[in-house]
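First the structure, in the form of structure tokens, and then the observations on it.
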Amino acid sequence: MKAVWIARSVREQVGSHRALVAAAAATFCLLAVAAGGAKLGTKTAARWRAFAGQNVHVIAYLADDTDGERALGLAQILGRSATVAQATVLDPAEAFARLETSAVGAGVAPKTLENLEPTYFPRSIEIRLAPAPDLADRAALLAIRLREVPGIAQVDAMTSGLARLALWIDLGRRLGQGMLVALALVTLVALVAVFMRSRTTARQRSLVLAQLGDTATGIRLPTCLWMAAAALLGSGVGALLLRFAWRPLLSRLERSLGIVSTLAPPLLNPREVEIGLALVLLLGLFMGYFAAPLPRASDHA
């Protein structure tokens with residue numbers, strides 16, 4: 001009988017304050033998006049650092065008198081270095097083919113390359129560095145050492161391009177953090193507003209129930225339940241938004257920045273989603289508990 005009364009009380013509160021319930025659900029949705037966005041932002045920053053590592057190539061151009069056996073030996077020695085992910089000997093034809101592929105991907109007109117021939121490209125060793133926070137320093141140090149190696153005529157460390165890429169990544173990280181801070185502040189203000197409004201609407205009802213002899217559990221439990229339900233609904237919608245909207249938005253942003261990666265954009269894993277939903281649910285119960293104040297003894301006088 002008690003459970004039936006509590007369910008009826010919850011239904012009455014939701015029906016009488018639909019706007020407040022909707023505002024609470026929307027606020028918890030914002031909270032889920034802000035928290036999930038912060039986690040996804042961390043994963044995206046790691047993804048971009050990995051992209052930078054995959055695309056940092058130190059090019060060592062070989063001298064004309066360096067034969068194929070020596071070039072292959074140099075590549076094998078470089079490949080065993082802890083700072084090098086891969087070292088590959090490129091002949092002129094392969095270098096030209098890569099240029100054509102890159103040009104097509106960048107939208108360069110084919111006529112631009114009509115007058116170029118593979119013979120224009122010297123033989124080289126393409127050295128892909130292992131991902132690390134100090135890629136620019138590693139590339140510069142490796143270039144200094146390679147310039148002293150017999151058989152290598154010139155070295156391009158790509159330090160200027162790497163520096164620009166690092167600036168873009170840092171700018172993206174700062175912009176993302178700024179947006180998340182702004183969203184977190186808006187969410188905090190909304191949570192306080194929902195709590196205060198809920199407390200105002202529940203005060204008179206709590207006084208009436210106390211005068212009728214209801215217990216503290218009977219007074220607070222209905223508000224706890226509908227607030228928890230709003231928290232679960234809002235956070236669930238927020239999780240769905242991140243699940244289906246995050247990848248398209250991030251893919252569009254990365255295309256505009258010229259970031260092309262074989263890795264799929266990151267998502268929250270099921271464990272992270274479950275923990276997030278549980279935390280928001282607990283927050284809803286907490287808010288509902290304190291939003292239904294127990295009348296003081298003086299209120300009965």
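Every number in this text was worked out from the coordinates using simple rules, so none of it is lab data. These figures come from a predicted structure and were not determined experimentally. As a convention, Cβ positions derive from the backbone with ideal geometry for all residues, glycine included, and neighbour counts pool all protein chains shown.
Quick look at the numbers
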quantity: Relative packing of 69-78, 29-38, which averages over residues the other C-beta atoms within 10 Å, highest first; calculated: 29-38, 69-78
quantity: Residue order, fewest to most beta carbons within 10 Å, for MET227, MET287, MET179; calculated: MET179, MET287, MET227
quantity: Amide H contacts under 5 Å for LEU129, placed H, 5+ residues apart; calculated: VAL56, VAL58, ALA85
quantity: Length added when fully stretched, LEU175-PHE244, from 0.36 nm per residue minus Cα-Cα; calculated: 22.6 nm
